[in-house]
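*Asks:* Would you mind keeping the following structure in view while I ask a few things?
The values are calculated or read from the model by the stated rules, or taken from the named source; none is laboratory data. All figures in this text were calculated on a predicted structure; none of them were measured in a lab. Note that we place each Cβ from the backbone using ideal geometry, even for glycine, and neighbour counts take in every protein chain shown.
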Amino acid sequence: MNMPNLLTVMRMALVPVFIVFYYLGEGADGAGFKALALVVFVAAALTDVVDGHMARKYDLTTNFGKLMDPLADKILTASAFVCFVDTGVVPAWIVVVILAREFLITGLRSVAASEGVVIAAGFSGKLKAVLQMGTIALFLLAEALTHVASFAGMAAVFTVSEVCLWAALAATVYSGAEYLWKCRKLLNMK
């Protein structure tokens, strides 16, 4: 188990910690727990940046990492978005679109792998991931700030969060369509 793989495992282990803090923050005095949920989420998201950089720089890429790194990202973001649907922060249909794209691309990668083709993450997929994680962090910040009655900029943080959500949704749909277009020959109906 090398360091990038250890960071990936740590990211997955932080998901239940994030969820616990998030739901503990739903109480009347939950600002501290929402802030902790934000810190845990950001720490987990940063492990994605660090593990990828380390794996490439030090040639520590493994089959475990190729499988588990994107899976850990999907579990982290999906968990946050599902929590947001449950608490009414984000509409369910947006999360369904986001999750559908993830399932579609995962399936497409499986088909490609069975044909000996590797589908590398493109710029639009990386942009999608950054926008999704940034949006989640902004919503968590906004939720933590709702408990601070004196914070005047709370409405602005929610507005920025919502704009980022629409940008993340657009990037999600675009990147999914781009992957489908690039791999259209793999999906022939013969």
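*Asks:* Out of curiosity, is Ala112 over 21 Å from Glu162 (Cβ atoms) and either within 14 Å of the chain's Cα centre (by Cα) or in a loop (DSSP other than H, G, I, E, B) (or both)?
*Replies:* Details: over 21 Å from Glu162 (Cβ atoms): yes; either within 14 Å of the chain's Cα centre (by Cα) or in a loop (DSSP other than H, G, I, E, B) (or both): no.
No, not satisfied.
*Asks:* Continuing with this model, one more query. Check the stretch 43-52 and report whether any residue there is in contact with a Lys or Arg (Cβ under 9 Å, 6 or more places away or on another chain) and over 30 Å from Leu145 (Cα atoms).
*Replies:* Yes - at least one qualifying residue is present in the stretch 43-52.
*Asks:* Conditions: (1) within 23 Å of Val95 (Cα to Cα); (2) in a loop (DSSP other than H, G, I, E, B). Val148 meets all but one. Number of the miss?
*Replies:* (1)
*Asks:* Please specify each residue of the stretch 93-105 satisfying the condition of being within 13 Å of Leu169 (Cβ to Cβ), more than 13 Å from the chain's Cα centre (by Cα) and surrounded by 17 or more Cβ atoms within 10 Å (Cβ to Cβ).
*Replies:* Ile94
*Asks:* Also, I was wondering about something else. Considering the stretch 42-92 alone, what residues qualify as being surrounded by fewer than 15 Cβ atoms within 10 Å (Cβ to Cβ), polar (S, T, N, Q) and at pLDDT 90 or above?
*Replies:* Listed by number, the list holds a single entry, Thr87.
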